[in-house]
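The values are calculated or read from the model by the stated rules, or taken from the named source; none is laboratory data. Since this is a predicted model, take the numbers as computed values, not measurements. FYI the Cβ positions are ideal-geometry reconstructions off the backbone, even for glycines, and counts take in every protein chain you see. The protein model used for the area step is the full one, side chains on, heavy atoms only, and it has no ligands, DNA or RNA in it. Shrake-Rupley method; radii C 1.70, N 1.55, O 1.52, S 1.80 Å.
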Amino acid sequence: MITIEIPNIASHTISQKSYDDIIASLKLSDIQCPCGHIGGLIHHGSYERTVKAPDGEFRLRICRVKCTLCGHTHAILLSSIVPYSQISLKEQVAVIHSYKQKAGYTEILSSNLSIDENNIRSIILRYRRFWHQALSLFEFPLYPISELIKQCFSTFQKQFMQIKNIPNSFIAITT
């Protein structure tokens, strides 16, 4: 998996157009595969996943690449996307912030009608099981989100709230 940094993640809204624009701006020959090689990535198709957005659920077509050197395939995700989750990183951080502040979730639920109470419970459960202790131990703040992402990749080699322990490379892009 390869995660591409999104500048201004706090204001970024996931859409097929924004995803496609960022993917189109990438030079695959400059991107390092999680195996460590540079220059061996080629397009290798796509797959769809559901995203729960404020405007409703939609299908997002995710680009896959293959490393011609190691033979592995990788999805290219944006830093606003949590691997194996339908809910954006921004929304998950908001839920965790409300949980830590012992505040309600009414504002989150009303701003994104695709998210329900079960999603909130699931996010809190994953946070408590896998991330609470790690964030407390390293004293990572939730905000700004861009710094949280960088700290999680540099310390754990994975996106915040990513549960599966699979290789995930973080690529900063310049705009």
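Things to note:
- Here, the stretch 42-132 yields an orientationally averaged convex hull projection of 6.9 nm² when only Cα atoms define the hull.
- Where only DSSP H runs of four or more residues are counted, the chain gives -9500 deg cm²/dmol as its mean residue ellipticity at 222 nm, each run worth -39500 (n - 2.57).
- Calculated on alpha-carbon atoms, Rg and Dmax of the stretch 1-45 in Å: 12.1, 33
- Calculated translational diffusion coefficient of the stretch 89-175 (37 °C, 0.692 mPa s; Stokes-Einstein with Kirkwood radius over alpha-carbon pairs) equals 237 µm²/s.
- Each Lys and Arg Cβ is given +1 and each Asp and Glu Cβ -1; about its Cα centre, the chain then shows a dipole of about 460 debye.
- Within the accessible area of the stretch 78-175 (1.4 Å probe), percent carbon and sulfur: 52 percent
- The stretch 1-111, accessible area per residue, ligands and nucleic acids excluded (1.4 Å, Å²): 50 Å²
- Helix 117-126 axis versus longest C-alpha principal axis of the chain: approximately 70°, rounded to the nearest ten.
- Beta-bridge orientation, the chain: approximately 70 percent antiparallel, per DSSP, counting only bridges with both partners inside.
- Take every Cα pair under 8 Å whose residues are at least 6 apart in sequence, average their separation, divide by the length of the chain, and the relative contact order is 27 percent.
- Extension gain, Ala134 back to Tyr99 (0.36 nm per residue minus Cα-Cα distance, nm): 11.0 nm
- When the P(r) of the chain is calculated, the portion above 18 Å amounts to 61% of the C-alpha pairs.
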